[in-house]
Amino acid sequence: MSFRKRLLAGLTLAIGLGALVSAAQAQDVPSLKGKRIGITVAGTEHYWDLKAYQGQIDEVKRLGGIPVALDAGRNDSRQIAQIQTLIAQKPDVIVEQLGSAPVLAPWLKKIRAAGIPLFTVDTISPYSINDTTSDNYSIGEKLALQLASDIKGRGNILVFNGFYSVPVCAIRYDELKLVLRAFPDIHIIQPELRDVIPNTVQNAYSQVTDLLQKYPNKGDIAAVWSAWDVPQVGATQAIIAAHRTEVRTYGVDGSPDVVKMVADPNSPAAAVAAQQPYLIGKTAIDNVARYLAGDHDLPPYTFVPAILVNKENAAEAAKELGQS
Amino acid sequence: MSSNLIAEQAPAFLDSSADLEDRETRRARHRSQIIRLGSIAALVAVFAYFGVAAPGFANLGNLANIVEQSTVLALLAFSMSIVVLGGGGDVIRGGIDLSLGANLGLCAAAFTVASNAGFSDPVAVAITLAVGAAVGLVNAFAVVALGVLPLLATLAVMNICGGAELVLTQNTVISANSPLLSYITGASWLGLSMTDWILVGAAILLIALVHGTRWGLRLQAVGGQRQAARAAGLRVSAYLTGTYVAAGLLAALAAIVQAARLSGSSPGSGDILLSVVLTSLMSVVFSRRLLPSIGGTLLSVLFIGGLINGFQLLNVSSYWVNGVQGVLILFVVAVRSLSLRRGSV
Amino acid sequence: MSATTAPTRPIGAQLVRVTTPAALVILFVIFAVVSPTFRTPGNILHILVNNFSLPALVALGMTLVVSAGGIDLSVGVAADIAAMLAVTLMQNGTGLGLSLIAGIGGALLVGLLDALLITVFGISPFLATLGVLFIGESVQQLATNGGTPIYLVSNYPAAGLDFLAHGQILGLPLPLWLVAAAVVLTQLLLSGTAFGRHLRAIGAEPRVAWYSGVPVRRATWLVYLLSALLCGVAGLLLSATVKSYVPLSGNAFMLDAIGAVFVGTTISRETRPNVLGTLLGVFFFGMLHNGLLLIGWNFYWQQVAIGLLVFIVLGISFLTRRLQTTD
């Protein structure tokens, strides 16, 4: 019982402080005072998800609202159950972040049917009033072009084919394929590799090590591509351990550690498309606040710029991303 | 109720084994009744607390949601309880089915793929049930005919099912849409959705079957005293085979509900094995004997479901849920085992 | 149930026990023929270091636990907690030695909790360690804000850490030395010593063992602490290899370790857990993962194949044993 009291006390304090800050800082964004904002995310074990989640929670508190924040721990059934309960709680708005689009679709529809405005982060949905996200078309294209130019338009690449059912991963993968069409001398080694959750790093490490054994000569493998940056971490470690640093790695998201790897001139990590997840989360909530204040003219998408971090601009980019 | 039934209807060997009970054991059984009532009281107390403290918890709609969210887990936990009842409580040599979660995933994939291939709902359901039962038969073949330890046999089958699901779905989400799926999530009767009714129906049927019929009582005899059961002329292997096949069928049923909730099949959705094991074994604290029961399993599943729901309504971080679940179960089990200890080592 | 009932003919008994090793040899030959990469010494060493050493440590601990009639589902938690503490401390600039010791300490706490629940509170090992597994997941989620990994990338002077994962002594990689040490330890405990006899007695019939004066509680404490210790070492090795801590990674070991121990029991005449069998079991799994990837099988089929092969080996082994005992 005392635990709960302390929790509530902490919560009240946080809300109180948030209200103070908001009075001082947020002139342009309307207040969320007294509003309950439901936030449901597929999982938070990845830097991107966590930062976007925290960005939302912090911004709701800053604007004086009450976040009802739910993390499904990367389990579809659990996220569905949480959304179902959330609908019954009747918050003023529900924000949904990432997840499998086909699984979520009917439940997002139910949110709208219950008369609750729905906003999304990184989830494309016809039921969403506004989706705040990075421009994944441009991310996928820039990363693929960087890869192609780094390996001079020829060579074999290993591809972690990501979670194709997650729309943003599918876009990046499709953009890679599109770019590679213009480079007939770049071949994807078959079969493509699997990403697993959890244990992603160790699994990627082990698979890449196995394949470095299978293709033992310099030049057999030119690069490793993954739709996010956690397999990139495992692949990079495996390449260093096998002394095959001529193989370059590419990924998306830009966790601070990966940006540091890219900044290291000796690391095989060649580039990462760094998103600004915290800003994405914050922006989504600002859109919510504007909507609740009566602005019903929001665009369907708000794009937050991403930065392609490579060997040349890494130090500068880290500053711009607020990571150093 | 069930102990009276045993006294009245059980075959002779159960009586003779009852004679072997000394006074200590009988006293322990009394204590276990107190624990059982205590556990139920704890459940009621927790729900009452949520009812007062958590806004909206006691709404009929919310309670129906809890049941709905518990259905898949409950069906699998029933399966586990039946397997444990028939195979005996020893964790290593006794009955256990680790393939249930993977079977759920495989069956959901089978239903989705069949449905997308143009098969009508009845045919897709038949295919799904056949897949589930086939997995159960493979388990039974390994355990009964080959004599492999259930823990091991079902572990290997778990891998096969997991791989087969990947082969079917290529590790992607596959959507399905069929009248049956919409009916399961959409239709409601007396304020309860079809998902709720599936759970209610399955629970009533299984309680009657396992605790009320001759088959169920003999099954418990097979699990409790295998040699004696064999000596009394029961076809032990037929009973054991039955438990694994029944478990497979229930997993297939759960898969159809799951496919309805997730609008198809989604990789990793079969990842609930540990919760299944936990709730099934936890049901012991709600049972009269030291073995799982269907009613006890239902109570523990609803307990866990209510806990998760109540936490969300109280805005407690979901990161606490697993831990609290673990502590709670250890606590109840410890109380039970400590109070029974004087009767046994 | 067990094979001890009928005295078996020596030749027949050997046939049963040879199923697992034979399957291992046959598959090894098939992989070696199909994939030229597979049979290179470099790849074999890679299997031993990357696919074998970590699960072997965990499975050796599990061998002790299963010998004593228990089971340990919390192995992943012990490995994770060790990695979490060590990597967090290193991240904050603590020395390597102290960080590693703290990691082992964390793992031992998990073993301590298991043993406490089993001996003092009388909870069955299965439920006790399952409960600890659930609690361990929450602890990691709460400690890492929902599961954020910690990477030791460029800011840690990682020479010592690198040595742990990739270093060699007398030409043998350090992880294999650690496995060797664990083998010696478990083999000593299981054979010869009074402790080994006690474990066997407890595993066979705990109540009888208790009545005949075997220190059941003390043995139980020791077994779970040792299992946690070995898992802790595995967790530290894992984080040294990938220079990071990723929450909830350890569970991947659990079912493979249990599988390896029981596959290993098939080479023992009394179907008892034994060190050699466990090692063969772990190697069997590791070789399959590596070999199937190298011969170019899609990962969907890899998992089916592994399940089927384990099923067949277990089936043959248990069936022949059963046929013999009913002779």
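Quick note: the coordinates plus some simple rules give every number you see, no bench work behind them. Quick caveat, the model's predicted, so the values are computed rather than measured. No Cβ is skipped: glycine too gets one built from the backbone with ideal geometry, and neighbour counts run over all protein chains shown.
Label positions at A:H296 and A:A182, each projected 7 Å from the Cα along the C-beta direction, are separated by 4.4 nm.
Only one residue of A:Q146, A:N136, A:V68 has its Cα farthest out toward the positive end of the dipole of the range A:52-158, where Lys and Arg carry +1 and Asp and Glu -1 on Cβ, and that residue is A:V68. Comparing C:V75, B:G224, B:S263 along the charge dipole axis of the protein assembly as shown, the residue lying farthest to the positive side is B:G224, per the Cβ-charge model.
For A:T302, the residues whose amide H sits under 5 Å from its own are A:D131, A:T132, A:T133, ignoring neighbours fewer than 5 places away on the same chain, with H placed 1.01 Å from N. Counting 0.36 nm for each residue step from C:R39 to C:V208 and taking away their Cα separation leaves a gain of 55.9 nm. Counting neighbouring Cβ atoms within 10 Å and putting the fewest first, the residues A:Y250, C:Y211, A:Y137, C:Y300 line up as C:Y211, A:Y137, C:Y300, A:Y250. Computed from label points 7 Å out along Cα-Cβ, the spacing between A:D264 and A:S138 is 3.1 nm. Every helix of 4 or more DSSP H residues in chain B counts as -39500 (n - 2.57), and over all residues that averages to -25000 deg cm²/dmol at 222 nm. Peptide packing: for B:147-154, C:238-245, C:218-225, the average count of neighbouring Cβ atoms within 10 Å per residue gives the ranking C:238-245, B:147-154, C:218-225, highest mean first. Where both bridge residues fall in the protein assembly as shown, DSSP classifies roughly 25% of the beta bridges as antiparallel. Placing +1 on each Lys and Arg Cβ and -1 on each Asp and Glu Cβ, with no other charges, gives the protein assembly as shown a dipole about its Cα centre of roughly 2740 debye. Computed 3J(HN,Hα) for the range C:220-226, one whole-Hz value per residue from the Karplus formula 6.51 cos²θ - 1.76 cosθ + 1.60 where θ = phi - 60°, is 4, 3, 4, 4, 6, 5, 5, glycine and proline marked x.
The range B:172-220 and the range A:64-102 have Cα centres lying 26 Å from one another. Using the Cβ-Cβ distance between B:W320 and B:V44 with R0 = 22 Å, the FRET efficiency computed as 1/(1 + (r/R0)^6) comes to roughly 0.50. Grab the beta carbon distance between B:A117 and B:S182, set R0 = 25 Å, and tell me the FRET efficiency rounded to 0.05. After rounding to 0.05, the efficiency reads 0.85. Our coupling estimate for the range B:162-170, obtained by passing each phi through the Karplus curve with A = 6.51, B = -1.76, C = 1.60 and θ = phi - 60°, is x, x, 5, 4, 4, 4, 5, 9, 6 Hz, Gly and Pro reported as x. Karplus-derived 3J(HN,Hα) values for the range B:249-264, using 6.51 cos²θ - 1.76 cosθ + 1.60 with θ = phi - 60°, are 5, 5, 4, 5, 4, 4, 5, 5, 4, 4, 4, 5, 5, 9, 6, x Hz; glycine and proline are entered as x. Only Lys, Arg, Asp and Glu carry charge here, each on its Cβ (+1 for the first two, -1 for the last two); on that basis chain C has a dipole of about 760 debye about its Cα centre. A dipole drawn for chain C from +1 and -1 charges on Cβ atoms has a positive end, and of C:Y245, C:L96, C:L57 the residue lying farthest that way is C:L57. Averaging over all projection directions, the Cα-based convex hull of the protein assembly as shown occupies 39.9 nm² in the image plane.
Here chain A is described by how far its Cα atoms reach on the three principal axes: 63, 44, 39 Å, from widest to narrowest.
Of interest is the spacing of the C-alpha centroids, which for the range A:250-324 and the range B:312-336 amounts to 37 Å. Legend: residue pairs A:K90/A:K319; A:K152/A:K260; A:K214/A:K319; A:K61/A:K142; A:K51/A:K110, Cα-Cα distance threshold 31 Å; pairs beyond threshold, A:K90/A:K319; A:K214/A:K319; A:K61/A:K142.
In the range C:3-325, the alpha-carbon atoms span a convex hull of 151 Å³ per residue. Note on chain A: helix-only mean residue ellipticity at 222 nm, from DSSP H runs of 4+ residues weighted -39500 (n - 2.57) and normalised by residue number, equals -15500 deg cm²/dmol. Placing pseudo-labels 7 Å out from each Cα toward the beta carbon at A:E316 and B:A238 gives an inter-label distance of 8.2 nm.
Measuring between their Cα centroids, the range B:93-115 and the range C:226-269 lie 26 Å from each other.
Under a 5 Å amide H cut-off, with hydrogens placed 1.01 Å from N, B:D90 pairs with B:G95 among residues at least 5 apart or on other chains. Stretched out straight at 0.36 nm per residue, the stretch from C:I30 to C:T193 would grow longer than its current Cα-Cα span by 54.6 nm.
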